[in-house]
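Single-structure report; data block below.
Read the figures in this text as sums done on the coordinates, not as results from a lab. Computed from a predicted structure; not experimentally measured. FYI the Cβ positions are ideal-geometry reconstructions off the backbone, even for glycines, and counts take in every protein chain you see.
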Amino acid sequence: MSLKKIQGFLFIATIAVLFSCNYKSARMLETPKGYEFDEPPLNDSSEFIISIGDIIAFTLYTNDGTTLIDLTAISIDRIAPSVKESVRYIVEFDGFAKLPILGRTELAGLTIREAEKLLEDRYKKYYIKPFVNIRVKNRRVTIFPGTGKGVVITLENENTTLLEALGQAGGLDKLAKSNNIKLVRGDLKDPQVFQFDLSTIEGITRTDFVLQANDIIYVESRTDYWRESLRDIIPALSLITSTITLIVLINNLK
């Protein structure tokens, strides 16, 4: 094969490398054009919902909150000398949690307030004017903020919103697309997918959206095509250049 043919072949190979760069290789959660996103719930009805797998802790008081009942004691009627950390209970696969005295009680699907009211009604059978305070201990969400570095944060507040969670994760990177923020919720085999636009004031008004445990937030990033193309083709160009140099040297020695 002549030198000109080899150089021509290498030139074609270089062009092929340039056009074969996969600019979207790092992207996640791509949706086809025209994809119909789910409609976010109304703000006035958006509250944290207890779900399967949640770990809850609760304290029980009598007399509308004046006296603490120690549910960890051997005797359920024993009164704790000081406020103690509550024992934690898991909401099992069927939505029920095994609670002191009451036994298996269905909590999945209830808001925190609804669950507290339910337990207060149930404990009336055993205590005078019971007062219940519930906390969910394992509320976590995963956030990919457009920087390539995902973070998992714990929802400390009862009704943490999307905007608060993004702030807790460090905000949006300069390459992040603030107009294309996706939130995935529920069973990953058939999830709900919401889309938010934070690029406008009108869009921000929709971020009063309460997060649920195990939500996934993904912020699409703008592609730096020039940087990505250089990253992909430099190794190939280096190899091609070395090959051409070697061929030229061989031909000069003839």
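For the peptides 60-68, 134-142, residues were scored by their other Cβ atoms within 10 Å and the scores averaged per peptide; the highest-first order is 134-142, 60-68. For the residue pairs 149/177; 149/189; 98/129, alpha carbon separations beyond 19 Å are given by 149/189; 98/129.
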